[in-house]
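Written out below as structure tokens is the structure these notes cover.
The values are calculated or read from the model by the stated rules, or taken from the named source; none is laboratory data. Fair warning: this is a prediction, and the values are worked out from it, not measured in the lab. Every residue, glycine among them, receives a Cβ derived from its backbone with ideal geometry; neighbour counts consider all protein chains shown.
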Amino acid sequence: MKQLGYYRLLFIALLGVAFYSPLNTLPFYIAVFWLAFELLNAQKLYTEQSYYRYSNGALLSLPIFIIMVRNHWVPYYLEGIAGYNIMEHALFAFTFCLYLDCLLLCWQKVRVSGIGILFLFNGIGIINELFQNAVVGEPLIAFSAEDWKDIGVNGVGSILFYLIKQIMKSMKNID
């Protein structure tokens with residue numbers, strides 16, 4: 001349980017840093033990740049899984065990466081901005097699919113198929129783009145080229161999750 005205490009302290013620190021970030025939606029996202037983290041770790045079914053410690057580390061790594069990139073703590077050149085953004089969206093997709101998979105396991109007591117997670121996440125991803133447009137005052141349904149790129153990379157990240165899940169299923173019969 002010590003590890004959970006450290007992770008909680010890290011989430012508090014990340015939330016504090018997020019309030020000073022140039023991205024005004026970052027505190028909301030950090031809070032959602034923290035809430036999902038707490039929901040998962042409150043579930044006995046989750047903490048009994050052999051992979052839950054690794055999963056917790058993965059779930060905390062994404063907010064740390066986003067904070068570092070969005071606050072420009074990682075040096076990069078102009079080409080690097082696009083690369084970090086693509087990496088951020090792919091990691092977000094993979095991590096969020098992992099969250100969904102674990103949460104649905106705990107709440108439904110069954111595993112949702114990898115393809116089900118893929119479709120669910122991508123639906124949430126489109127809603128997220130609409131939310132971001134609303135926050136910055138852009139038309140809700142007029143996706144920019146950047147929005148379409150984000151949706152596409154989210155798709156790639158969720159497909160990566162699906163493929164890894166299928167590989168693990170075939171190796172360990174997890175599903």
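Flag not set for LEU103, criterion: buried (at least 17 other Cβ atoms within 10 Å of the Cβ) and either under 24 Å from PRO22 (Cα atoms) or not basic (Lys, Arg) (or both). Residues that are loosely packed, with under 15 Cβ neighbours inside 10 Å and polar (S, T, N, Q) within region 49-70 comprise SER50, SER61, listed in sequence order. Take the residues in region 126-141 that are exposed (fewer than 12 other Cβ atoms within 10 Å of the Cβ) and touching a Leu at 6+ places or on another chain (Cβ under 8 Å); name whichever of them is modelled with the highest pLDDT. So, considering only residues that are exposed (fewer than 12 other Cβ atoms within 10 Å of the Cβ) and touching a Leu at 6+ places or on another chain (Cβ under 8 Å), the one modelled with the highest pLDDT is ALA134.
The listed residues are GLU88, GLU129, GLU138, GLU146, and the only one of them that is within 16 Å of LEU23 (Cβ to Cβ), assigned to a helix (DSSP H, G or I) and free of Cβ contacts under 8 Å to residues at least 12 places away in the same chain turns out to be GLU146.
So for region 113-125 (the condition being surrounded by 15 or more Cβ atoms within 10 Å (Cβ to Cβ) and under 19 Å from LEU23 (Cα atoms)), does at least one residue qualify? The answer is yes, given that some residue of region 113-125 is surrounded by 15 or more Cβ atoms within 10 Å (Cβ to Cβ) and under 19 Å from LEU23 (Cα atoms).
Evaluation of TYR162 against the conditions (1) touching a Gly at 6+ places or on another chain (Cβ under 7 Å); (2) of a type in the set (Phe, Trp, Tyr); (3) more than 18 Å from PHE96 (Cα to Cα) shows that the sole unmet condition is (3). Whenever a residue of region 1-30 is within 15 Å of LEU60 (Cα to Cα), its partners that are in a helix (DSSP H, G or I) and small (Gly, Ala, Ser), lying with C-beta atoms within less than 7 angstrom and at least six residues away or across chains, give the pairs LEU15/ALA31; LEU26/ALA18; PRO27/ALA18; ILE30/ALA18. Taking first residues from region 63-76 that are among the aliphatic types (A, V, I, L, M) and partners that are exposed (fewer than 15 other Cβ atoms within 10 Å of the Cβ) and not in a loop (DSSP other than H, G, I, E, B), the Cβ contacts under 6 Å between residues at least 6 apart in sequence or on separate chains come to VAL74/MET68. Here region 14-69 is the region considered, the condition is being part of a helix (DSSP H, G or I) and either in contact with a Pro (Cβ under 7 Å, 6 or more places away or on another chain) or acidic (Asp, Glu) (or both), and the residue that is farthest from GLU88 (Cα to Cα) is GLU38.
Filter region 7-49 down to the residues that are closer than 19 Å to GLU129 by Cα, of a type in the set (A, V, I, L, M, F, W, C) and in contact with a Leu (Cβ under 8 Å, 6 or more places away or on another chain) and list them by number. Result: ILE30, ALA31, PHE33.
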